[in-house]
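Participant: Structure below; questions to follow.
The values are calculated or read from the model by the stated rules, or taken from the named source; none is laboratory data. Quantities reported herein were computed from a predicted structural model and do not represent experimental measurements. Ideal geometry is used to build each Cβ from the backbone, glycine not excepted, and the neighbour counts take in all protein chains shown.
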Amino acid sequence: MSKFNRILLTGAAGALGKVLRVGLAPLATHLRLSDVQPLGDADDNEELVPADLADFDAVMDLCKDVDMVAHFGGKAVEGTSKEVFSSNITGGYNIYEACRRNGVKRVVFASSNHSIGYYKRTERIDDQVPHRPDTLYGVSKAFTEDLASFYWDKFGLETVSLRIGSCFPEPKDRRMLATWMSHRDLVQLVSRSLAAPYVGFHAVYGVSDNTEQFWDTSSARLIGYRPEDNAEVYREKVEAATSPQELDDPALIYAGGMYTAFPHYDDEQT
Ligand SMILES: NC(=O)c1ccc[n+]([C@@H]2O[C@H](COP(=O)([O-])OP(=O)(O)OC[C@H]3O[C@@H](n4cnc5c(N)ncnc54)[C@H](O)[C@@H]3O)[C@@H](O)[C@H]2O)c1
């Protein structure tokens, strides 16, 4: 794979950011790492630039002299409207606008399956279906995917939106036997998304080569993604540790799982 001069990784102090900090290092002469949480000490090829994604001026500085951005920063689960909108909607807008003004070529965006979480598990959906978000968090991911579409059509800024399923060291519950993506496959998917010669505006499902699958993952082949792991090897362990869900459990009916049953988080604030 060709080597970039500088890649920006947002959310670098997060769970996936820590994996990508190591995994993307060979791809760039300079890896610029950003987060609001501590980032530790810089390695030889690393630049540490702390920034709040909601602060436009800070994000403008972050995106200077950058070839491509792996945008993994933001609220990564459901939250209050204030939390989700500030980090993900304002933060997403700031990233795209700062990329446009700084001439950045491409964003690899950590979207989520929760942007389409209200499709049923029994529906075979691909990357072309309309959004059906299951939470405010899912709405924020759908918004940023639309922002990405707009910035491609109007300004030629490319995006690969990764609708990540469940990216953990191992699948933790029965749903994850279908939605799991290994850390190794994550690094491959992000690396391919950065290195593919042309992506335009492209959405892919970020899952491993699981025997059980909810989504049509064929669009990931365009960028050369060939997952190496399969959640099936954990099935016995997961089934021994968890109970089967009731047939009317929304977590069993919808691809978004238990997120479809979450309340509105602002209700707890009032
Ligand atoms: N882990 C998964 O299975 C999964 C699934 C779907 C999507 N994703 C997406 O992948 C990305 C990374 O997920 P993760 O599991 O590593 O989550 P994480 O919470 O561990 O990491 C997110 C990072 O973003 C940072 N952040 C939050 N708000 C910020 C702000 N306003 N300014 C700057 N930094 C901010 C946090 O400090 C954190 O370090 C997220 O966008 C998440 O929505 C993850």
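Participant: Among the listed residues 92, 79, identify the single one that is crowded, with 24+ Cβ neighbours inside 10 Å, closer than 18 Å to residue 138 by Cβ and more than 8 Å from the ligand (Cβ to nearest atom).
Facilitator: Details: 79 fails: crowded, with 24+ Cβ neighbours inside 10 Å.
None of the others qualify; the one that does is 92.
Participant: Still on this structure: Which ones in region 15-36 are small (Gly, Ala, Ser), surrounded by 19 or more Cβ atoms within 10 Å (Cβ to Cβ) and near the ligand (Cβ under 8 Å from one of its atoms)?
Facilitator: Selection gives 17, 34.
Participant: Kindly evaluate residue 1 against the criterion of being over 30 Å from residue 264 (Cα atoms) and either at pLDDT below 95 or buried (at least 20 other Cβ atoms within 10 Å of the Cβ) (or both). Lay out the reasoning, then the answer.
Facilitator: Details: over 30 Å from residue 264 (Cα atoms): yes; either at pLDDT below 95 or buried (at least 20 other Cβ atoms within 10 Å of the Cβ) (or both): yes.
Here the answer is yes, as residue 1 does meet what is asked.
Participant: I'm trying to understand the selection: among the residues of region 157-197, which are part of a loop (DSSP other than H, G, I, E, B), small (Gly, Ala, Ser) and either closer than 21 Å to residue 137 by Cβ or away from the ligand (no atom under 13 Å from the Cβ) (or both)? Break it down stepwise before answering.
Facilitator: If we filter region 157-197 for residues that are part of a loop (DSSP other than H, G, I, E, B), which is where we start, we get 157, 165, 168-175, 182, 196-197.
Filter once more, keeping what is small (Gly, Ala, Ser): 165, 182, 196.
Scanning region 157-197 gives 165, 196.
Participant: Tell me which residues, restricted to region 103-112, are within 9 Å of the ligand (Cβ to nearest atom) and within 19 Å of residue 195 (Cα to Cα).
Facilitator: Listed by number, the residues that qualify are 109, 110, 111.
Participant: Let me ask something else about it. Just checking, which of 52, 41 is more than 13 Å from the ligand (Cβ to nearest atom) and either over 25 Å from residue 266 (Cα atoms) or touching a residue at least 12 places away in the same chain (Cβ under 8 Å) (or both)? Reasoning before the result, please.
Facilitator: Working: 52 fails: more than 13 Å from the ligand (Cβ to nearest atom).
Going through 52, 41 in turn, just one is more than 13 Å from the ligand (Cβ to nearest atom) and either over 25 Å from residue 266 (Cα atoms) or touching a residue at least 12 places away in the same chain (Cβ under 8 Å) (or both): 41.
Participant: Exactly one condition in (1) surrounded by 20 or more Cβ atoms within 10 Å (Cβ to Cβ); (2) part of a helix (DSSP H, G or I); (3) away from the ligand (no atom under 13 Å from the Cβ) is not met by residue 100; state its number.
Facilitator: (1)
Participant: Considering 203, 220, 251, 240, which residue is farther than 21 Å from residue 164 by Cβ and outside any loop (DSSP other than H, G, I, E, B)? Don't jump to the end; show me each part of the working.
Facilitator: Numbers: 203 fails: farther than 21 Å from residue 164 by Cβ; 220 fails: farther than 21 Å from residue 164 by Cβ; 251 fails: farther than 21 Å from residue 164 by Cβ.
Going through 203, 220, 251, 240 in turn, the sole match is 240.
Participant: Going through 170, 212, 123, 158 one at a time, which residue ends up being of a type in the set (Asp, Glu) and under 24 Å from residue 4 (Cα atoms)?
Facilitator: Values: 170 fails: under 24 Å from residue 4 (Cα atoms); 212 fails: under 24 Å from residue 4 (Cα atoms); 123 fails: under 24 Å from residue 4 (Cα atoms).
Residue meeting the stated conditions: 158.
Participant: Can you name every residue in region 202-245 that is free of Cβ contacts under 8 Å to residues at least 60 places away in the same chain, buried (at least 17 other Cβ atoms within 10 Å of the Cβ) and of a type in the set (A, V, I, L, M, F, W, C)?
Facilitator: Across region 202-245, the qualifying residues are 207, 220.
Participant: OK, next. Pairs under 7 Å by beta carbon, first residue more than 15 Å from residue 52 (Cβ to Cβ) in region 83-104, partner more than 16 Å from the ligand (Cβ to nearest atom) and in a helix (DSSP H, G or I), six or more apart or different chains?
Facilitator: Pairs found: 96/151; 100/151; 100/155.
Participant: So if I check each of 66, 129, which one is crowded, with 19+ Cβ neighbours inside 10 Å and either assigned to a helix (DSSP H, G or I) or more than 12 Å from the ligand (Cβ to nearest atom) (or both)? First the steps, then the outcome.
Facilitator: Numbers: 129 fails: crowded, with 19+ Cβ neighbours inside 10 Å.
Checking each option against the conditions leaves just 66.
Participant: Next up: Of the numbered conditions (1) of a type outside the set (Phe, Trp, Tyr); (2) farther than 23 Å from residue 150 by Cα; (3) in a helix (DSSP H, G or I), residue 227 fails exactly one; give the number of that condition.
Facilitator: Unmet for residue 227, out of (1) of a type outside the set (Phe, Trp, Tyr); (2) farther than 23 Å from residue 150 by Cα; (3) in a helix (DSSP H, G or I): (3).
Participant: Pick out, from region 1-60, the strands (runs of 3 or more DSSP E) lying fully within it that include 1 or more residues that are in contact with a helix residue (DSSP H, G or I) (Cβ under 7 Å, 6 or more places away or on another chain). Before the answer, list the steps.
Facilitator: Working: elements: 4-10, 28-34, 46-48.
Answer list for region 1-60: 4-10, 28-34.
Participant: Checking the conditions here, which among 217, 242 is modelled with pLDDT under 95, under 28 Å from residue 152 (Cα atoms) and of a type in the set (Ser, Thr, Tyr)? Spell out how you get there, then give the answer.
Facilitator: Values: 242 fails: under 28 Å from residue 152 (Cα atoms).
None of the other options fit; the residue is 217.
Participant: Please verify whether region 92-100 includes one or more residues that are at pLDDT below 95, under 26 Å from residue 185 (Cα atoms) and not β-branched (Val, Ile, Thr). Let's see the steps before the verdict.
Facilitator: Quick first cut of region 92-100, residues at pLDDT below 95 only: none.
Within region 92-100, none of the residues are at pLDDT below 95, under 26 Å from residue 185 (Cα atoms) and not β-branched (Val, Ile, Thr).
Participant: Just to be sure before I move on: is residue 58 within 11 Å of the ligand (Cβ to nearest atom) and touching a residue at least 40 places away in the same chain (Cβ under 8 Å) in the structure I sent?
Facilitator: Details: within 11 Å of the ligand (Cβ to nearest atom): yes; touching a residue at least 40 places away in the same chain (Cβ under 8 Å): no.
So residue 58 does not fit the description; no.
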